[in-house]
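Peer 1: Dropping a structure here in structure tokens format, bear with me for questions.
The values are calculated or read from the model by the stated rules, or taken from the named source; none is laboratory data. The structure displayed is predicted, hence computed values, not measured ones. Note that we place each Cβ from the backbone using ideal geometry, even for glycine, and neighbour counts take in every protein chain shown.
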Amino acid sequence: MKDTDYKVKGSDVSNSFKNTLRHNDGLIFQQLEFTVTGLCNRSCSFCPRTDPKIFKSTKTFLDLEMLEENFSLLAKYDYSGRLSYAGFGEPFTHPNFDKILEISRKILPKSVIDIITNADLLKTKLGKRVLANKHFNRLLISAYDGIEQVKQLEKDYSDLIQKGKMVIRKRFLYEGDELDLFSSRTGLVDYGNKSESKTNPCFYPFYNIFVDSNGDVIACCHDWGKKKIFGNVYKDSILDIWFSKEYRIFRKLMFQKPREIEPCNNCDVDGTLYGSEAFSDWKEKKW
Ligand code: SF4
Ligand code: SF4
């Protein structure tokens, strides 16, 4: 599986990481990822969702009021990092997804808003509203079904693609390709290309925060088993959780004994693609 679009994603994402925000307690994250809903309309064979023992589908939907409160807090710092809507669910299964995008853009106008979707629901009323309102920077389409699906998307959305508002990412095997895109989801799934768990420090906890659809803040988008929970945004603000003692201990361990604890001890993700500056800053200043 050739993931040629990762580079496109990389440069855009890097741009949203340039404005590092400093807080008295340390650096504020540069990427905020949300699982807006615990549902997905698909059940892909390679996804942890196919095994309820690993991952349970839940009718949980992030609440607009909670998001508004947290965005308002970030607005005080003029947050201009990335907001990513996807996580473990299909964002278009949230009935108010268009409103979430609207308040994101309104309260955090400088943020880079990315939606990651399987594209199945783009032609629903909700999908059409989102496309018409354009309160996002990019729709990143995970195309799983093959080249015919890609051609259809290119035909249907040529205008958005030309403007760079839609990027189609091929998520299927070509002849002779190897399945080398997916991680083992912290050892939970075996895609037949099992690689060893890594031992290097991972940068995720220094620049990235991940909110699940029930409000839990967990280690990162690879922690499908939800082994590490730092707090819940319905109880504490996202900044309080980011600067919490629990998170600090996790970062400290990442410096001193990288990947000794769950879920990182089973993780085969390198984790150094982004966030090197944030990592150095946290390390040098011992925030
Ligand atoms: S579309 Fe994505 S989240 Fe849904 S089952 Fe497939 S891989 Fe999992
Ligand atoms: S080591 Fe793996 S599980 Fe741990 S924070 Fe990094 S990417 Fe996530």
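Peer 1: Among the numbered criteria (1) more than 10 Å from ligand 2 (Cβ to nearest atom); (2) buried (at least 21 other Cβ atoms within 10 Å of the Cβ), which single criterion is violated by residue 203?
Peer 2: The failed condition is (1).
Peer 1: Let me ask something additional. Yes or no: residue 146 at pLDDT below 95 and surrounded by 20 or more Cβ atoms within 10 Å (Cβ to Cβ)?
Peer 2: No, not satisfied.
Peer 1: Might you check whether a residue that is surrounded by 13 or more Cβ atoms within 10 Å (Cβ to Cβ), assigned to a loop (DSSP other than H, G, I, E, B) and either modelled with pLDDT under 95 or within 14 Å of ligand 1 (Cβ to nearest atom) (or both) occurs anywhere in the range 62-76?
Peer 2: No, there is no match, as no residue in the range 62-76 is surrounded by 13 or more Cβ atoms within 10 Å (Cβ to Cβ), assigned to a loop (DSSP other than H, G, I, E, B) and either modelled with pLDDT under 95 or within 14 Å of ligand 1 (Cβ to nearest atom) (or both).
Quick grid of which residues meet (1) surrounded by 18 or more Cβ atoms within 10 Å (Cβ to Cβ); (2) within 11 Å of ligand 2 (Cβ to nearest atom); (3) without any contact (Cβ under 8 Å) to a residue 60 or more places away in the chain:
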site	(1), (2), (3)
235	no, no, yes
238	yes, no, no
250	no, yes, yes
253	no, yes, yes
256	no, no, yes
260	no, yes, yes
265	no, yes, no
273	no, yes, no
277	no, no, no
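Peer 1: Taking residue 184 and the conditions (1) more than 16 Å from ligand 2 (Cβ to nearest atom); (2) modelled with pLDDT under 80, which numbered condition does it fall short on, given that it satisfies the others?
Peer 2: Result: residue 184 passes all but (1).
Peer 1: Among the residues that make up the range 216-235, is at least one of them of a type in the set (Phe, Trp, Tyr) and more than 18 Å from residue 86 (Cβ to Cβ)?
Peer 2: Yes: the range 216-235 contains one or more residues that are of a type in the set (Phe, Trp, Tyr) and more than 18 Å from residue 86 (Cβ to Cβ).
Peer 1: Still on this model: Kindly indicate the residue of the range 1-56 that is within 16 Å of ligand 2 (Cβ to nearest atom) and of a type in the set (Ser, Thr, Tyr) and also modelled with the highest pLDDT among those meeting that condition.
Peer 2: Here the residue is 35.
Peer 1: Which residue is modelled with the highest pLDDT, if the candidates are limited to the range 150-181 and must be assigned to a loop (DSSP other than H, G, I, E, B) and touching a Leu at 6+ places or on another chain (Cβ under 9 Å)?
Peer 2: 157
Peer 1: Are any residues in the range 40-61 surrounded by 18 or more Cβ atoms within 10 Å (Cβ to Cβ) and either over 18 Å from the mean Cα position of the chain (by Cα) or under 14 Å from residue 95 (Cα atoms) (or both), and if so, which ones?
Peer 2: Across the range 40-61, the qualifying residues are 40, 60, 61.
Peer 1: Follow-up question, since we're still on this one. Can you name every residue in the range 127-149 that is of a type in the set (Val, Ile, Thr) and in a helix (DSSP H, G or I)?
Peer 2: Those that are of a type in the set (Val, Ile, Thr) and in a helix (DSSP H, G or I): 130, 147.
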